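The values are calculated or read from the model by the stated rules, or taken from the named source; none is laboratory data. Everything quoted here is computed from the prediction, not taken from an experiment. So basically every Cβ, Gly included, is an ideal-geometry build from the backbone, and we count neighbours across all protein chains shown. Each accessible area value is taken on the protein alone, full model and side chains, heavy atoms only, with ligands, DNA and RNA left out. Shrake-Rupley method; radii C 1.70, N 1.55, O 1.52, S 1.80 Å.
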Amino acid sequence: MRRERLFDGHGRRISDLRVSVTDRCNFRCQYCMPAEGLPWLGRADILTFEEIERLVRLLAEMGVTDVRLTGGEPLVRRDFPRLVSMLAGTEGLRDLSLTTNGYLLERDADALVEAGIRRVNVSIDSLQRDRFFQLTRRDALPRVLRGLEALARHPEVRPIKVNAVAIRGFTEQEALPFAEFARRTEFQVRFIEFMPLDGDRAWTPDAVLTGRELRELIGRVYPLEELPREPSATARVFRFADGRGEIGFIDPVSEPFCADCNRIRLTADGKLRTCLFSLHETDLREPLRSGAGDDELERILRDAVWRKELKHHVGEPGFRQPPRSMSAIGG
Ligand code: SF4
């Protein structure tokens, strides 16, 4: 059934849904959560595959075409490939993708591709084993790289992107190794500015190494040329002037891209977040579990999306970090 397209109160059409399928993770990245982890949601609190499928189907009827599955770490959710296959056949979806830390990719790559995943972002913040361990508190780089290779053996999964969080005092030493990685492999490397969504609430503006600074660092050695920006894109993508690949920069703090934002998020416990930095959420789990019909759910979704924030206020006086951290929101 086709429904009216979904728009927010600023006239932006919403076509991209990020679904967090779990708040749990097998890594302890310093920019995301404390070493001891966080209090996890209980099994009864998180949406079932059938509930996720229903919301995705309904939003697809309202014009959502792109769904990205995230976490926490989505691959730690039991039977995750089954959810992928349930969603892959959703009418109206043109893109079903995944964000993962790659630790379980070597095990799951074949099943994920068979189930219908076609684009994958793998989070890797350093290509040096000791520094990877330092940031993620896991000695896992070799295994993650094997997972990346296992995925790359499937030509139907493209692009495969490698996302590195950029942190001042750490990522400066990663800039050239990642540029060289992007030049010698088929993986698209993108740096993401550190955002105030960490579980430790230790983020400060000084900790942000901006995309511009990274471009200067890389451009001194490998000149860059900017490519045209896709509508609603989060990344500024550059090609190496000598034609040896591309590299991207996601700069939400220094160069916000909210004006044409087309994204909404569903948390693992069934809350709709209309912005990554939302201070308010709309509960969908309760109406889902108390028998609300599709029209009622549609009304709740439209009402919430209509009030979607125009932009984030990071770096502005009065900015408040959301109570929910990145691990419980998803990328
Ligand atoms: S900060 Fe919010 S409004 Fe801005 S691009 Fe991200 S989700 Fe969209």
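Tell me yes or no: at least one residue of the range 308-317 is more than 23 Å from the chain's Cα centre (by Cα), within 15 Å of the ligand (Cβ to nearest atom) and free of Cβ contacts under 8 Å to residues at least 60 places away in the same chain. Yes, some residue in the range 308-317 is more than 23 Å from the chain's Cα centre (by Cα), within 15 Å of the ligand (Cβ to nearest atom) and free of Cβ contacts under 8 Å to residues at least 60 places away in the same chain. Looking only at residues of the range 235-280 that are within 13 Å of the ligand (Cβ to nearest atom) and of a type in the set (Phe, Trp, Tyr), we find that the one that is least open to solvent (accessible area, probe 1.4 Å) is PHE277. Of all positions in the range 163-181, at least one carries a residue that is open to solvent by less than 40 Å² (accessible area, probe 1.4 Å) and within 27 Å of ASP79 (Cβ to Cβ). For the range 219-234, the candidate set comprises residues that are open to solvent by 30 Å² or more (accessible area, probe 1.4 Å) and either within 10 Å of the ligand (Cβ to nearest atom) or hydroxyl-bearing (Ser, Thr, Tyr) (or both); within that set, the residue that is farthest from PHE319 (Cα to Cα) is TYR222. Among the listed residues ASP206, ASP198, identify the single one that is within 21 Å of the chain's Cα centre (by Cα) and more than 20 Å from GLU149 (Cβ to Cβ). Step by step, each of ASP206, ASP198 is checked, and only ASP198 is within 21 Å of the chain's Cα centre (by Cα) and more than 20 Å from GLU149 (Cβ to Cβ). Would you check which residues across the range 182-213 are open to solvent by 10 Å² or more (accessible area, probe 1.4 Å), on the phi < 0 side of the Ramachandran plot and either assigned to a helix (DSSP H, G or I) or of a type in the set (Lys, Arg) (or both) and list them? Residues satisfying the conditions are ARG183, ARG184, ARG190, PRO205, ASP206, ALA207, ARG212, GLU213.
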